[in-house]
Protein chains: 2
Amino acid sequence: MTKLNISNSELEIMKALWRQQPLTVGQVIERVKMSNDWHDNTIKTLLNRLLKKELAARFREGGRFFYQPLVTEEDYLTQESEGLLTKFFEGKMAPLVAHFANHKKLTAKDVAEIQAILEQMKHD
Amino acid sequence: MTKLNISNSELEIMKALWRQQPLTVGQVIERVKMSNDWHDNTIKTLLNRLLKKELAARFREGGRFFYQPLVTEEDYLTQESEGLLTKFFEGKMAPLVAHFANHKKLTAKDVAEIQAILEQMKHD
DNA sequence: TTTTATAAACTACATTTGTAGTCGTTATTC
DNA sequence: GAATAACGACTACAAATGTAGTTTATAAAA
């Protein structure tokens, strides 16, 4: 899979589409505006850029277009997470955890949760 | 701390400065070129942009400038890591670990290392 | 069916980023 | 000290990004 280049603003649109799809322009605008103070046209522009980049597609139905994402959130997540690890942590998760540990960003509950996940991993 | 906006290319320069500092232009170029196929002037431009953004500074000595970073790698790491978590994992480390676990990106050794880190955390 | 609200298409423009080029000025080396 | 190499300042320019505006077509409401 080639690198998914999604800008920060565009990401807000993708998030709306990931939560629910397909959506009309109006629905996208409505949803995106809940967390971003943007002009309607800004959102339309971003949607069109996503089409051009083939990160989203649309189909016509009843004289209206419906938009949907062409990449999954999972795929994007995976790319970004690995990107961070590659850039800074030699691609390993452990140093990242250590970083968070050192910066006291992990509560006891966090630790317990992570341990549970790892424990469960061993049994499948 | 306000958001540190370092572009991908600029980051390569910062990495050189984080590894060793202060460095002259020539030294920066020499180091950056080891992993990037860029023209000398490209590197100089990036250095200047970092100065303008006050992400790096320089002082004169013997008719030459010496460059040094104004932000630590730690700070930048922290920002980027938290950025990723905030954007996708509700700010929690656990879901990220789960994501990696689900995608088989964790080897047994990785798991052991992370567990060791977490265990050790409890004892301080 | 005329108005009104949406949608769609197209255009705009400043800023940031990637990636150099040019030219005058100091060091460095013969 | 003259030639060469490295430095420093300044300029260039296309693509990507953030953030709209304008114009035209279409659907919904009155």
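The table for this structure:
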{"quantity": "Gyration tensor (alpha-carbon) shape descriptor, region B:1-67, a/c threshold 1.5", "calculated": "oblate"}
{"quantity": "B:LYS52-B:GLN68 pseudo-label distance in nm [points 7 Å out on the Cα-to-Cβ vector]", "calculated": "2.5"}
{"quantity": "Per-pair calculated FRET efficiency, R0 = 30 Å: A:ALA112 and A:THR2 via Cβ, rounded to 0.05", "calculated": "0.20"}
{"quantity": "Estimated FRET transfer efficiency when R0 is 25 angstrom, pair B:ASP40-B:GLN20 (beta carbons, to 0.05)", "calculated": "0.85"}
{"quantity": "Protection proxy ranking, peptides B:38-45, A:94-101, average beta carbon neighbours within 10 Å, highest first", "calculated": "A:94-101, B:38-45"}
{"quantity": "Calculated from backbone phi, Karplus (6.51, -1.76, 1.60) coupling profile of region A:75-90 in Hz, x at Gly/Pro", "calculated": "4, 5, 3, 4, 4, 5, 5, 5, x, 4, 4, 5, 5, 10, 10, 6"}
{"quantity": "Built amide H within the under 5 Å cut-off of A:THR24, gap 5+", "calculated": "A:TYR67"}
{"quantity": "Translational diffusion coefficient (Stokes-Einstein; Kirkwood radius from C-alpha pairs) of region B:11-124 at 20 °C, 1.002 mPa s, in µm²/s", "calculated": "126"}
{"quantity": "Kirkwood Rh, angstrom, the protein assembly as shown [1 / mean 1/r, Cα pairs]", "calculated": "20.9"}
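Throughout, read-outs are computed from the coordinates displayed, never taken from laboratory work. Values in this document were obtained by computation on a predicted structure and should not be read as measured data. Because the Cβ atoms are built from the backbone with ideal geometry, glycine has one as well, and the counts that use them run over all protein chains shown.
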